[in-house]
Every structure is written in structure tokens, then in C-alpha cells.
Amino acid sequence: MATLMGQPVDRLPVFAVLGAYGAKLTGVNLRTLYSDAAAYSAGQEAVLQTFGFDLVMTPFIYTAISEAFGGETAWSESQAPNMKRPGIKTAAAALLHPLPNPEQTAGLSVVLEATRRLADRYKEQVPIIAVLPGPGIMPSLIIGLEQWIETVMFEEELAGRLLDHTAPFFVSWANALLAAGADCLVVTEGTAAAEIAPRSLFAERFLPYLTTTFTQISGPKVLHQTGGRITHNLDLFSGLAGLVGVAVGSRDDLSEARRLIGPDMNLIGNLDNLSLPALSAGQISEMSRSCLDAAAPSGHYILSNAGADIPLTTPPENLRAMLSAAADYSAEISGNR
Amino acid sequence: MKPHEWSEQLLDAMINADRSGAAELIGNALANGIEPQQVIAEVLDPAIVRLGHLWEKETMSLAQNFVASKIAEDTLLRCVPDKTDSLCTKGAIVLGNIEDDFHSLGRKAVGLFLSAAGWDVYDLGNDVPAEELLEKAIEVNACAIGASAMMQTTALNIRKLRQLIDERGLTDRIKLAVGGAVFNWRPELVSEVGGDGTANNAVGADELFMRLQAEVMNRQGTP
């Protein structure tokens, strides 16, 4: 947390998105993990005890949001759940749907309860990180990605009205997570990724919603690229209220990202999620080292995977390789001082 | 204006996500005496191919590609008003997102482009069990199945389809095309799940299925 807040640290921090991995370590199925706050909290405790990454995270489960708007969830034994079908078919219909109250909506209240449990256990020890979808991509959880893109591209005025309609929910959900004990919010804004939308579209239609909503959320925030590339937009983020870091994708260049974002903003990333289960521990160590060599010297850098949940098939030794690489790097740096 | 000039303008409309401009342009091309089939072959198809190159260079986003696929669909519907009347198709293809996968956008774009290219596309939707994809392929005499997956975890479910095709002795009769974001990121997954080929984008799907169809025909001795 000190790194995120720009304070001095004694070693290089390492993050990994290991929400679902808690189920693997505690032997529960993923449906139980995400439906039972105690099971989820136990999973994070197991992750922390097993690996010792520099965070715990609240449930990263976006289907809780789609369900809050009537959507159906597809559960799997191998990955975090996905939205099976949205609850609302069109943007026009979504405008008529009342916004859910986080405390009174089943899946969302489980997330809040898990957050409170993590805060009770870990507050002031390790940062408690909450992940939520950004205001620009939020409607895709309500009406589906295809319908949302179609609305954005062909019905600009209607898309704007839906963004206006759902932005207060983004704010209330973010503030509810902070009130429950989250120390920092990671906002995954898919529309900021090059693979989803061109820069002009993001800058004109979605960035204004980040700007206005961020001022209504008091906690620190990290902007996340959801697995894509974000370098092309980095120069746009400097005015976002409370922004303390940007998570860059595995195909973003860390040096270029630093040049564009400036010297004081934290960069987080950019290990390829898909490499983690596929490569050896030695290769992960080399990749981690490469990230560290590129980004750590200028400071304000957190080594991390660059996507959503790390695949459950990732061997524990590969995760330990990330930690070892950062520890070795820190030791070398302090030895050279 | 010559077809390649219309095509240039159509490509511009696709890049700029100008659906209404594209519709007007196609209308003008038809009004200027370009035959509907010529519009598809010499205006739409070259634009799609060049769009694919832009996608490969990572200068196109999902949103732009989505609009381009809609423009392709619009053009197709306008130039081939009743596809059921068409006696000359390239053949049947079955598409679907494999079991547990719900990311439909890429698959739908592939379906649109394949239809535009003259294939009879049977799109079974999201979360389709391997058995269902194979049964449909047998029913419609498809030369290939296109199985889509966005994530590594769901991509691995395609292995079951490979196994079923082989167990039924259909290895040389029904080819397995695989696609989705994860295959672009990790090309080695294509062989890992037993795929006979992949395309980096919807635009490249026609070429892929033509190749797979040729392989089937060669194996079966069809001229």
C-alpha cells in the first residue's frame, strides 16, 4: 500500500490476482468460494499464507453485478464464473431498470461481507484490494457486450443516456466496497484497451465518465486494462481524481508506459496471464526479471500479472518464481547501494 | 468509378465505423451498374481482406471490427436478398462457442464474414457441447466445424470435440477449425486442442475454411 500511496518501501511489492486460486488451496468449489463470504475469506487467507503476496483481494466476480440486473451466471470448475446471458436485452430497457442497492442484492452483499471479513483480519497489515468494472464497460454486464457495442456505435445518444443511468451505480458500488474495508479500488475499464475501442472513442465517450465518477469516490484507484493494451491512452489519465496507478497489459512496453505516464504514477504489471500456467518456473522468473529490469529502476513499480484471475492450473512454483525474482532484485539493489 | 475504387471507399467507411455511409456507397455502386455479385466479389471482399491486414497490425479495435462486420452483413443482405434462392454455395459449416464459453462476438463476426463469402453457416451459439457440434455437422454434411473460445480454460474443452471426431472415424471428413482471442495469443494451443487450423480474425476465416474443405476433398478424391 505504501508503494501505491507514493511512500517509501523496504522492498519491491508483488501482486497477483489469486481470487479463484483460494478455492484450489482450500479445496472448495468455485461456486462455494464466491457464494460464501467465509469460504472466500478463508481462500484469501490460504493464498496469503501460501505465497505471501503483498495484498488480499475482495471477490473478483462480475456476475454478481450482472445478476443484480437479472442476468444468468454460468459456473465452472476451472475459472471464475461468466455471464451466461444478460438480464436486459436492450439499452432502452436498461434505462427503465432500477439500480440495485449493493447491500440488499444477494451476490453484491456477499462481496461486501467478504470484504468486511478481510478488513477485520488484515486491515493495516496488507492492502485490501477491491476490483470493479469501470463506468464505460459497466453496461456490458447489464445488456451484454455485443448489444452494448452496437448501442455505442450506432445509437450514441442512447448510449450516453445509459452511461448516465448506470454511473451512479458504479459510484455507489465503489463507495460500498471502500466502506466495507477495501483500501484501494482496481477499476477495470475495458473501453480503455486498444483491443476494444480506438483512442478517439474512449477519449470522447468514456473518459468523461471516469473523470466525473472518480471525483465522487474518495479512495485511491488503479485503472486496469482488462488484459489488453493501454499505452495509447496513458497520457489521458493524469487528471483522474485519486488515480494512484495504472495496470498495463503484457503487450504494453513498460519503458514507453513510464515515459507517457510520467515519473510519479505507479505502473503495475505486466506478466502475461497465459504464460503463467504454460511456462516453467525458470521462465517465469526470467520474465519477472525482465519486467523488473525495465520498470523498477525508475521506481513506482509493482510486479504483477497483467490480466484477470491467474489460471488455476498455474503451478505454485511459478507464483513463487515471481516473488523470488522481486526479492532477488531488491537484494541486488540494496547490495549495490 | 471502378470496383476497386468503390472498395477503397467502403474500406474507409469500415475503418471510420460509418455504417450509413457504407450503405449509401453500396447503393451508389449498384445504381451505377455494378452487379450485386460483383459488389460482393470486387468491392466487399477486397475491403474485408485489407481490413484483416489492419486487424493483424493491431490498428483496429473490437468496436471498429464489429461495425465492419455489420457493414458486411448489410452489404450481403442487399446484394443477396434471398440466400435460399442461391444454388451455388461453397458448402456447409457449423460454428459455435465450445461448452462453457460465452464470448460470442468473435464467432458472430466469423459467421457474418463466412456468409458473405458464400458459405452456408449453421451457428449454434454459445456454450455448445462437443456432441451437439458434431451431430449438426454430420446432419448438414459440413466439411468443417468452427469452435470458438476466448479463454484458455474453455479452449481446452475443444479437445473433447477432437476426440469425438476421431472416434467416429470422421477425421478426414470433418475438419476442426478453432478460433478466439486465446489462439491469437498462444498459437501453440491450436495443435494442443487438436485443431486443424485457425485464423487470426473473422476476415481470414474464409481462406481457412477453403483450405480445410480442399483437404477434405483431396482425401475423399473429390475433384
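The values are calculated or read from the model by the stated rules, or taken from the named source; none is laboratory data. Here the structure is a predicted model, which means the values were calculated and not measured. Heads up, the Cβs are rebuilt from the backbone with ideal geometry, glycines too, and the neighbour counts pull from every protein chain shown. Quick note on the areas: whole protein, heavy atoms, side chains included, nothing else; ligands and nucleic acids left out. Shrake-Rupley method; radii C 1.70, N 1.55, O 1.52, S 1.80 Å.
Per residue, the solvent-accessible area of the stretch B:119-223 (1.4 Å probe, heavy atoms of protein chains only, all protein chains present) comes to 44 Å².
Assuming charge only on the beta carbon of Lys and Arg (+1) and of Asp and Glu (-1), the dipole of the stretch A:54-116 about its Cα centre is about 280 debye to the nearest 20.
Across peptide B:143-154, what mean number of C-beta atoms from other chains lies inside 10 Å of a residue's C-beta?
The shielding value for this peptide is 3.
Would you mind counting up the charge near A:Arg259? Only other residues with Cβ under 14 Å from its Cβ, with Lys and Arg at +1 and Asp and Glu at -1. After counting each charged neighbour, the total is -4. If we count every other residue with Cβ under 14 angstrom of A:Cys291's Cβ, Lys/Arg +1 and Asp/Glu -1, where does the sum land? It works out to a net charge of -4.
Would you mind giving the total buried accessible surface between chains B and A, with a 1.4 Å probe and ligands, DNA and RNA left out, rounded to the nearest 100 Å²? Intermediate values should be presented prior to the final figure.
Numbers: alone 10990 and 13610 Å², together 22300 Å².
For chain B against chain A, roughly 2300 Å² becomes buried.
Enclosing the Cα atoms of the stretch A:288-328 in their convex hull gives a volume equal to 72 cubic angstrom per residue. Between B:Ala31, A:Ile129, A:Leu30, the Cα set farthest toward the positive side of the dipole of the protein assembly as shown (charges on each charged residue's Cβ, about the Cα centre) is that of A:Ile129.
Checked against a 22 Å cut-off, the cross-linked pairs B:Lys70/B:Lys136; B:Lys70/B:Lys175; A:Lys89/B:Lys70 give Cα-Cα distances beyond that limit for B:Lys70/B:Lys136; B:Lys70/B:Lys175. Once the convex hull of all Cα atoms in the stretch B:143-223 is built, its volume per residue stands at 71 Å³. Each of B:Lys70, A:Lys84, A:Lys89, A:Lys221 has its accessible area taken with a 1.4 Å probe; listed largest first, they run A:Lys89, A:Lys84, B:Lys70, A:Lys221.
Mean sequence separation of contacting Cα pairs (under 8 Å, at least six apart), scaled by the length of the stretch A:107-190, corresponds to a relative contact order of 51 percent. Inter-chain Cβ neighbour count for B:59-68, averaged per residue, equals 6 (cutoff 10 Å, partner chain atoms only). Summing Cβ point charges (Lys, Arg +1; Asp, Glu -1) relative to the Cα centre of the protein assembly as shown gives a dipole of roughly 740 debye.
Over the stretch B:78-223, what is the mean sequence separation of C-alpha contacts under 8 Å (at least six apart), divided by residue count, expressed as relative contact order in percent? Provide the component values of the computation, followed by the final result.
Numbers: 261 pairs, mean separation 35.5, N = 146.
Relative contact order here is 24 percent.
Excluding B:His103 itself, calculate the net charge of residues whose Cβ lies under 12 Å from the Cβ of B:His103, where each Lys or Arg counts +1 and each Asp or Glu counts -1. Neighbour charge sum, excluding B:His103 itself: -1. Ranked from largest to smallest solvent-accessible area, with a 1.4 Å probe on the protein heavy atoms, A:Met57, B:Met1 come out as B:Met1, A:Met57. A probe of 1.4 angstrom, applied to the heavy atoms of all protein chains, finds B:Met60 with accessible area near 10 square angstrom. Relative contact order of chain A, taken over Cα pairs closer than 8 Å and 6 or more residues apart, is 18 percent. Taking every protein chain into account, the accessible area of the stretch A:214-280 amounts to 33 square angstrom per residue (probe 1.4 Å). Placing unit charges on the Cβ atoms of the charged side chains and taking the dipole of the stretch A:1-144 about its Cα centre, the candidate lying farthest along the positive direction among A:Ala2, A:Ala119, A:Ser109 is A:Ser109. Among the protein heavy atoms of chain B, carbon and sulfur supply 49% of the accessible surface, probe 1.4 Å, non-protein parts ignored. Taking the Cα centre of the stretch A:195-308 as reference, the dipole from Cβ charges on Lys and Arg (+1) and Asp and Glu (-1) amounts to some 180 debye. Of the DSSP H helices in chain B, those that are both long (alpha-carbon extent of 20 Å or more along the helix axis) and hydrophobic (Kyte-Doolittle mean at least -1.0) are B:62-79, B:205-220. Counting only other chain Cβ atoms within 10 Å of each residue's Cβ, the peptide B:93-102 averages 2. With the Cα gyration tensor of the stretch B:32-166 giving a ≥ b ≥ c as the square roots of its eigenvalues, does the rule (a/c under 1.5 for rounded; else a/b larger than b/c for prolate; else oblate) give rounded, prolate or oblate? It is oblate, given that a/c is not under 1.5 and a/b is not larger than b/c.
When all alpha-carbon pairs of the protein assembly as shown are counted, what percent fall beyond 42 Å? Cα-Cα pairs of the protein assembly as shown separated by over 42 Å account for 23 percent.
If DNA, RNA and ligands are ignored and the probe is 1.4 Å, what is the ranking of A:Val171, A:Val28 by accessible area, most exposed first?
A:Val28, A:Val171
Surface calculation, 1.4 Å probe, protein heavy atoms: B:Cys143 sits at approximately 20 Å² accessible.
What accessible area per residue comes out for the stretch A:98-210, rounded to a whole number of Å², with a 1.4 Å probe?
34 Å²
Surface calculation, 1.4 Å probe, protein heavy atoms: B:Ile15 sits at approximately 50 Å² accessible.
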